[in-house]
Amino acid sequence: MKNILFIMTDDHTVNEMGCYGAELPPTPNLDRIAAQGTRFDRAFCTNALCAPSRATVLTGCFSHVHGIRGNSEGADGVETLNPDVPTFPALLQKAGYRTGLVGKYHIRQAPGGFDHWIIHPGQGEYFDPVFIDNGVERTIEGYATDITGDLALEFLDGIAPSQPFCLVYQFKAPHRPFTPAPRHANLFADVEPQKPPTYNDDYSSRALAAVAEDMRFDVSLAPDYGDEIPTGLSCEARKDWIFRRFMQDRWRTIVAVDENVGRVLDWLDESGRADDTLVVYTSDHGYFLGDHGWYDKRFMYEPAMRIPLVACCPCVVPAGTHTEALAMNVDICPTILDFAGIDIPSAVQGRSLRPLMADSGTPTPQHWRESVYYAYYEDSWRLRDRPQSEMAEPGFQYFTPHRIGPHRGVRSSRYKLIEYFGEGPHVWEFFDLQVDPDELVNRYDDPASQHLVARLKEELRRLRQQYDDAD
C-alpha cells in the first residue's frame with residue numbers, strides 16, 4: 001500500500017514548468033517530482049473546465065458519467081457527483097487509509113471519502129480567505145497558497161508512522177485574479193514575457209473562434225488592472241501592457257505554489273516516507289496565455305486541453321523518465337488505485353498509467369490508446385426544457401460569458417477533429433498538428449484531407465460508443 005500525495009493547481013500549463021522546457025517561472029520543486037519519476041508529454045484533460053475536470057480526477061470517469069458537465073449547470077443551478085460512481089479517496093478510506101483534502105475543491109457539494117477536509121468555498125480568495133473546515137466556516141489570516149501549505153503539513157504531522165495516507169493537496173493559484181503574495185510582488189518586474197505565435201490570430205479559417213470576444217485578454221482582463229493601465233497608449237501598446245502584467249502576476253503566484261509544494265516534499269523526505277509515496281502533480285486543465293489573443297480555457301485547442309502531469313514513486317518507478325504515450329486525466333484515479341493495491345472498479349473509464357512509468361526506452365504497452373476523447377458541455381444545459389417562445393425572446397442568452405458552445409472531438413498523436421454540436425450551425429474543424437501545431441488552419445474542407453477526416457469521424461463514433469456518451 002503506497003501512500004498517496006495528489007497535488008493539483010488551477011489553470012497551470014506546461015509552458016510554465018521547467019521540466020517541460022519553460023525558462024520562467026522557476027519551478028524547482030514541481031520539477032523535483034518529474035526528476036524523481038515520470039513526465040507525461042502528451043497528457044490531456046477531457047473537459048477543460050474546473051469542476052468537471054476535478055470530478056473526472058476523483059472518479060476516473062467522463063463528465064457524462066460522473067454527472068458534472070459544467071461549473072454551475074442543472075435545473076437548480078447545481079450539478080453534483082453521481083452517488084453511484086466511487087471516488088478514489090472513498091475507496092482508499094475504505095481500505096484503511098487516512099484521507100485528507102486541503103485547499104480548493106470547487107465541486108458544489110460536501111467532499112466525501114475524507115477523514116479530514118478544509119476547503120475554499122467555490123473559487124476562494126487569495127488573502128485572509130474563508131475556509132470550510134469539515135463543514136464549519138472560518139477565516140484564516142494570510143495568503144491562500146501558504147495557508148494551504150500549512151494545512152497540508154498539519155494533516156501530515158497528525159499521521160502515525162505506520163498509517164497509510166492519502167492527501168489531496170489543491171491550490172487556488174494560479175487562477176484569476178492572479179494575485180501574488182507580497183513577498184513576490186516585484187518578481188519578474190524587468191522581464192518581458194515572450195508572446196505566443198498566435199498572439200494576433202485573425203481566426204480566418206475558424207468562424208466560431210472569431211466570436212469568442214469575451215475571451216480576449218485585452219478586453220476581459222482590463223478591469224483587473226483598472227487605473228494601473230497607463231493612459232494614452234495605442235490599442236497595440238495597451239494590449240501588450242495587459243499581457244505583460246497578466247503573465248508576470250501569474251508567474252508570481254506559481255512561485256508561491258512551487259515553494260509550498262517544496263515544503264511538503266521536504267516533509268516526505270525528512271519523515272522517511274518519500275520512497276514509499278506516490279506523488280502526482282497536475283492541473284485541472286490548461287490555459288490560453290495570450291494564445292489566439294485569449295485567456296481562460298474551454299476550447300479543445302491544445303493550450304487549454306493539454307495539462308502538465310508528472311508522477312514519482314521512488315521505490316517502484318525509475319527516475320528521470322518521460323513518455324509520449326497519450327494520457328488523460330481520467331487515468332489518474334485508476335493509477336492511484338493501482339499503486340495503492342486496490343481493485344479498479346468496472347465503472348472507471350480510464351487506465352492506470354503505471355505501465356508507462358518505466359524507462360524511457362521501454363515500448364508503450366501493447367494496445368495502449370491511439371487517441372483521446374474530449375467533450376465540453378457547459379452551454380447545452382441552457383436549452384434543456386426551455387420553451388421555444390422563451391428562446392425566441394430578444395436577449396435570450398444561449399452562451400456563457402465566454403461564448404463557447406458545446407463541442408467534442410478526438411485527438412490522435414498527429415490529428416485533431418472537433419465537432420461543434422450545440423445550438424447554431426453544426427461546425428467541424430480538422431487540424432494536422434504536425435504541420436500546424438498552433439491550430440490556425442482548419443483543413444476540414446480540404447479535398448486532400450477527406451480520407452483523414454473520415455477516419456477521425458469513425459474514431460469519434462467509436463470513442464463515443466466506448467465511453468457511452470450519447471447525444
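The values are calculated or read from the model by the stated rules, or taken from the named source; none is laboratory data. Fair warning: this is a prediction, and the values are worked out from it, not measured in the lab. No Cβ is skipped: glycine too gets one built from the backbone with ideal geometry, and neighbour counts run over all protein chains shown.
Data table
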| quantity | calculated |
| --- | --- |
| Segment 250-307 - residue that is among the small types (Gly, Ala, Ser) and in contact with a Leu (Cβ under 8 Å, 6 or more places away or on another chain) and, of those, surrounded by the most Cβ atoms within 10 Å (Cβ to Cβ) | ALA274 |
| Residue satisfying condition, being within 25 Å of the chain's Cα centre (by Cα), buried (at least 17 other Cβ atoms within 10 Å of the Cβ) and of a type in the set (A, V, I, L, M), within set LEU452, LEU460 | LEU460 |
| The lone exception for SER360 - which of (1) in a loop (DSSP other than H, G, I, E, B); (2) of a type outside the set (Lys, Arg); (3) at pLDDT 95 or above; (4) in contact with a strand residue (DSSP E or B) (Cβ under 6 Å, 6 or more places away or on another chain) it fails | (3) |
| VAL57 in contact with a strand residue (DSSP E or B) (Cβ under 9 Å, 6 or more places away or on another chain) and closer than 19 Å to THR335 by Cα | yes |
| Residue within segment 291-310 that is in contact (Cβ under 8 Å) with a residue 60 or more places away in the chain, over 21 Å from GLY18 (Cα atoms), in a strand (DSSP E or B) and over 15 Å from the mean Cα position of the chain (by Cα) present | yes |
| Cβ pairs under 8 Å, 6+ apart, first in segment 182-193 and in contact (Cβ under 8 Å) with a residue 60 or more places away in the chain, second of a type in the set (D, E, K, R) | HIS184/ARG252; ALA185/ARG252; LEU187/ARG252; PHE188/ARG252; PRO193/ARG244 |
| Odd one out for THR335, checked against (1) farther than 30 Å from LEU452 by Cα; (2) surrounded by fewer than 16 Cβ atoms within 10 Å (Cβ to Cβ); (3) of a type in the set (Ser, Thr, Tyr); (4) modelled with pLDDT of 95 or more | (2) |
| Index of the failed condition, ASP266 passing every other in (1) in contact (Cβ under 8 Å) with a residue 24 or more places away in the chain; (2) not small (Gly, Ala, Ser); (3) not in a loop (DSSP other than H, G, I, E, B) | (1) |
